[in-house]
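What follows draws every value from the coordinates through simple rules; no lab data is involved. None of the values given here were measured: they were computed from a predicted structure. All Cβ positions, glycine included, derive from the backbone under ideal geometry; neighbour counts span all protein chains shown.
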Amino acid sequence: MACTRTLGRLSESAYDFIDEAYLHHLLEGQVDRRQVQEVLAKSLAKQPLDPEETAVLLKADDPEVVEEILETARRLKREVYGNRIVLFAPLYVGNECVNDCQYCGFRRSNADQVRRTLTFEEIRRQVQALEDRGHKRLILVFGEHPRYSPSFIAECVRQVYATRSGRGEIRRVNINAAPLDHEGYRVVKAAGIGTYQVFQETYHRATYAEVHPPSTPKGDYFWRLDALARAMEAGCDDVGLGVLFGLYDWRFELLGLVCHARHLQKHYGCGPHTISFPRLQPAQGVTRQWPHRVSDGDFKRLVAILRLAVPYTGLILTARERPEIRREVMRFGVSQIDAGSRIELAGYTETADAQQMDREQFLLGDVRSLDEVIRELLREGDIPSFCTACYRLGRTGEHFMEFAIPGFIRDFCTPNALCTLMEYLQDYASPETRRLGQTVIQQELEKIPPSPRKQMLIDRLRRIAEDQERDVRF
């Protein structure tokens, strides 16, 4: 499809790969149980689904068939990711914005929003507060504004990596910011970022135009659609997709994500490193009604089908959701969550327990502390992980997918997850969390057959606990 305007040079693979008429056509009609089971068998073989196959799962509405889909997603998640849950925290650097997105508290027309950009010293104080809680992975979030240039973003990243508090350090910094041109991505990549995340928000053009005024940079649908292709051409081999579910029909949006993932796989050798799927939440001054809000039941189906469609991709469940919803959908395929999150500017040092809507982008549903979230994960038998080893050992991009697609990545990730959990237990955990964590570590060790690799893991756990070594990795 032809495009009317762009903000700079597009990628070499630039074309509009979202065929709206075809995607809507795929969602028409009914399916039988045999068709669903054929698709589920392909998912269990850890093969990505195409849009046609994904649509089969989306159209299944018999309660027994839906439960079969959910159970298959549970099984696939266990086989590919084991019982690990990776933890991170968001750090909002600035909420100045030239866009006017109709669902966002940061939109430029919201005169009641307190505008602020953290200084480098303020960033350091936020990072120290996060390190003192035990965090090792951050995502830096920026509004879209001329002052948030690639060089500014890169310097923020360098400030984070350079900040230490006691034994604390941030080992991976991801980015959620506006789409850049090729040179901008190169500047940011040189600072050592992990994943660069750009939400398309909605793949439905009419809805996109309705909620993103054309007079703003974000009003250019195609520049945004092409953003992660440019990032990969510029050397950012880990990129993240995202949709804000509730703007349009969730089934259409999920097909859009699958199309986008396949586009990146086809042209750059690997799909997205992560996919995020937040639902619309209340934001300051947003009073309009949203007819496509996603129910809790459909949200569970959404997560399960997404896991089955892209078995190799990390799925991020954010603290927008309530704890009980997070607890339930985590079983269907989620591999990463944020915890102990504050999304107000300087929220980790300056705010009390209550959320402050005039200083945040949207309302959070889960404001529990990091230790509380970790304690619940341990009670559920999960391994909370702060692992960053793959990224710092070069297992990224296409190389990462070589391990992840067949499901072998847990051979690296489980030992690293246990090592980072032991660090947390030693340095930051409450007594109850420490007791639970030590029990889980012992239970996980008992699952591993005797081998030199197991003995190596036992030795590294001992070095962390007794010799106080840190950043011990496989």
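Along the positive direction of the dipole of the range 410-465 (beta-carbon charges: Lys, Arg +1; Asp, Glu -1; about the Cα centre), which of Leu421, Gln442, Met456 reaches farthest?
Met456
Long-range amide H contacts for Val86: which residues qualify at under 5 Å (H placed 1.01 Å from N, peptide plane, sequence gap of 5 or more or a different chain)?
Sorted by chain and number, the residues that satisfy this are Gln336, Ile337, Ser385.
Listing His135, His145, His25 from the residue with the fewest other Cβ atoms within 10 Å to the one with the most, what is the order?
Listing His135, His145, His25 from fewest to most nearby Cβ atoms yields His25, His145, His135.
Rounded to the nearest 20 debye, what is the charge dipole size of the chain about its Cα centre when +1 sits on each Lys and Arg Cβ and -1 on each Asp and Glu Cβ?
Magnitude of the dipole: close to 1000 debye.
Counting pairs of alpha carbon atoms under 8 Å apart in space and at least six apart in sequence, what relative contact order in percent does the chain give?
Here the relative contact order equals 20 percent.
If I take R0 = 51 Å and measure r between the Cβ atoms of Arg473 and Arg33 in this structure, what FRET efficiency does the formula 1/(1 + (r/R0)^6) give, to the nearest 0.05?
0.70
Going by how many other Cβ atoms sit within 10 Å of their own, how do Arg288, Arg171 line up, fewest first?
Ascending number of Cβ neighbours within 10 Å: Arg288, Arg171.
Across the range 241-254, in residue order, what do the Karplus-derived ³J(HN,Hα) couplings come to in whole Hz, using 6.51 cos²θ - 1.76 cosθ + 1.60 with θ = phi - 60° and x for Gly and Pro?
Computed from phi, the couplings for the range 241-254 are 8, x, 10, 8, 6, x, 6, 8, 3, 4, 5, 4, 4, 5 Hz.
Amide H of Arg172: which non-local residues (sequence gap of 5 or more, or other chain) have their own amide H closer than 5 Å, using H built in the peptide plane?
Amide H neighbours of Arg172: Leu138.
For Glu64 and His24, what is the calculated FRET efficiency with R₀ set at 41 Å and r taken between the beta-carbons, to the nearest 0.05?
The value I calculate is 0.95.
What length, rounded to one decimal in nm, is gained on full extension from Gln102 through to Gln426, with 0.36 nm per residue of separation minus their alpha-carbon distance?
112.1 nm
Would the range 1-106 count as rounded, prolate or oblate if I go by the C-alpha gyration tensor, calling it rounded below 1.5 in a/c and otherwise prolate when a/b exceeds b/c, oblate otherwise?
Oblate shape, in that a/c is at least 1.5 and b/c is the bigger or equal ratio.
Given 0.36 nm per residue, what is the gain on full extension from Ala206 to Ala190 after removing their alpha carbon distance, in nm?
2.1 nm
Per residue of the range 314-331, what does 6.51 cos²θ - 1.76 cosθ + 1.60 with θ = phi - 60° give for ³J(HN,Hα)? Whole Hz please, x for Gly and Pro, Karplus curve as stated.
x, 10, 9, 10, 8, 6, 4, 7, 5, x, 5, 6, 4, 4, 6, 6, 4, 6
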